[in-house]
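Reading through the structure tokens given below for one structure.
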Amino acid sequence: MGRTAYDFEEYGIDNIRTYVRNFELPRPDPCSEKDLLFMLGRGPYIPSTDVNKSHQNILHTRHERWRSFENIQHLTLDGISPLKWTNMLPLKANEPIDKASCAIDPRYRLPQVLPDFYTHAPIDISNMQSWLNLLLITATRIMHTTMPATSPYAFQYGKNKSKDNHIFRHFVWSPNGLNPHEPTWDAGSVVVAYQPPFVLTLQDLQEFASCRAFPTFDAISDHLSSKYRLWAKIWDTCQVNHSNWFILTSYTHWVFGAFSKGMRVAFVSPVITYSRSKPSILEIFLYWVCSAMNQPGTFRLPQVGDDVLDPYEVPCTAYDVLFFGHRAVLALCDT
């Protein structure tokens with residue numbers, strides 16, 4: 001029988017390994033009941049997002065000379081399998097979290113009601129956050145109760161002030177998760193980027209995960225195709241948040257990846273469905289976050305020989321501030 005995020009106190013505390021292996025995320029509806037009745041009646045057929053490419057994923061990302069990203073290497077599911085690692089988890093929680101903290105502390109507070117979230121119809125991306133929090137908060141509780149050294153870490157909402165923040169947002173697993181200031185460089189941080197499944201379809205994710213190289217900069221044209229715009233967005237988001245590790249999801253499908261120390265080479269997993277078992281999506285998620293934190297028995301990135309990328313600010317151009325109006329462009333020109 002599958003376990004949910006709301007079962008942790010009853011089943012997880014006394015047997016974490018079994019709970020993690022049997023964890024399941026709730027299944028979202030394809031569309032609202034009203035739309036479903038319309039489809040079954042005389043309405044037009046809505047194609048499945050499992051087999052079609054979305055044309056809604058219009059990310060505001062350009063080709064940039066300073067983006068030092070070159071190659072993409074593919075990881076096999078067997079290579080990142082956490083089945084053996086799960087056996088290394090403590091059988092019981094070392095330091096159970098009391099119910100009062102679960103009700104008050106934002107790191108542990110589960111949503112009481114899940115908002116509307118559909119896989120085959122447009123949604124407000126804010127609704128998607130509550131559904132993802134079921135996994136993120138459960139993972140946080142497990143790590144904090146089994147690995148006390150991770151207690152300073154938490155998932156915080158990432159900042160995305162660009163015009164595409166209605167279709168692309170992210171969380172950051174960071175030791176500064178509860179602080180308002182920017183995260184400092186930390187090898188254990190992880191970016192969890194997400195887009196609605198109507199925007200990021202299975203075919204879109206498969207194209208993303210099948211890329212073998214990032215195109216070289218062309219001074220004549222800064223245009224990128226959809227899959228490369230997504231890669232550029234992930235690279236930029238990781239660089240700004242000082243993280244080499246990332247997870248990309250539409251909720252129904254997940255991709256786990258990382259960049260080399262110098263951010264020139266990416267490593268990416270195959271597309272994994274949210275309903276997968278042996279290992280469960282929670283097992284893989286925990287394994288990847290713990291790999292970023294260099295926990296014993298976890299995945300180690302291959303050595304590719306590139307240098308560590310020094311932290312720097314992404315250059316700001318007039319194109320980037322057009323969204324804020326002509327005054328912002330003039331202010332930038334005066335600097």
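The values are calculated or read from the model by the stated rules, or taken from the named source; none is laboratory data. On a predicted model such as this, the values are computed, not experimentally measured, just so you know. Positions of Cβ are backbone-derived with ideal geometry, glycine not excepted, and every protein chain shown enters the neighbour counts.
See the values below:
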item: Subset of the range 214-239 [at pLDDT 90 or above and either more than 22 Å from the chain's Cα centre (by Cα) or aliphatic (A, V, I, L, M) (or both)]; result: LEU230, ALA232, ILE234
item: Residue that is more than 17 Å from GLN206 (Cα to Cα), of a type in the set (A, V, I, L, M, F, W, C), at pLDDT 95 or above and surrounded by fewer than 24 Cβ atoms within 10 Å (Cβ to Cβ), where the choices are ILE272, ILE281; result: ILE281
item: Those residues of the range 136-152 which are free of Cβ contacts under 8 Å to residues at least 40 places away in the same chain and of a type outside the set (S, T, N, Q), in sequence order; result: ALA149, PRO152
item: Filter result for PRO215 (under 25 Å from LEU134 (Cα atoms), touching a residue at least 24 places away in the same chain (Cβ under 8 Å) and of a type outside the set (Phe, Trp, Tyr)); result: no
item: Cβ pairs under 8 Å, 6+ apart, first in the range 1-16 and under 14 Å from GLU283 (Cβ atoms), second of a type in the set (D, E, K, R) and surrounded by 15 or more Cβ atoms within 10 Å (Cβ to Cβ); result: GLY2/GLU24; ARG3/GLU24; GLY12/ARG3; GLY12/ARG141
item: Residue in the range 81-104 that is nearest to the chain's Cα centre (by Cα), counting only those that are part of a loop (DSSP other than H, G, I, E, B), of a type in the set (A, V, I, L, M, F, W, C) and surrounded by 12 or more Cβ atoms within 10 Å (Cβ to Cβ); result: LEU89
item: Residues located in the range 250-283, provided they are within 19 Å of ARG169 (Cα to Cα), among the β-branched types (Val, Ile, Thr) and out of contact with any helix residue (DSSP H, G or I) (no Cβ under 7 Å at 6 or more places or on another chain); result: THR252
item: Condition check for SER174: closer than 15 Å to VAL289 by Cα, in contact (Cβ under 8 Å) with a residue 40 or more places away in the chain and of a type in the set (S, T, N, Q); result: yes
item: Close pairs from the range 228-239: first in contact (Cβ under 8 Å) with a residue 40 or more places away in the chain, partner of a type in the set (Phe, Trp, Tyr) and part of a helix (DSSP H, G or I), Cβ under 8 Å, at least 6 apart; result: LEU230/PHE208; TRP231/PHE208
item: Boolean, ALA149 is at pLDDT below 90, of a type in the set (A, V, I, L, M) and under 26 Å from TRP245 (Cβ atoms); result: yes
item: Check on MET143, farther than 21 Å from LEU230 by Cβ and in a helix (DSSP H, G or I); result: yes
item: Every residue from the range 204-258 that is closer than 15 Å to VAL192 by Cβ, small (Gly, Ala, Ser) and in a loop (DSSP other than H, G, I, E, B); result: SER243, SER250
item: Test set (1) over 17 Å from the mean Cα position of the chain (by Cα); (2) not in a loop (DSSP other than H, G, I, E, B) - SER130 fails condition number; result: (1)
item: Qualifying residues in the range 159-181 (those that are modelled with pLDDT under 90 and under 13 Å from THR237 (Cβ atoms)) - the one surrounded by the most Cβ atoms within 10 Å (Cβ to Cβ); result: ASN160
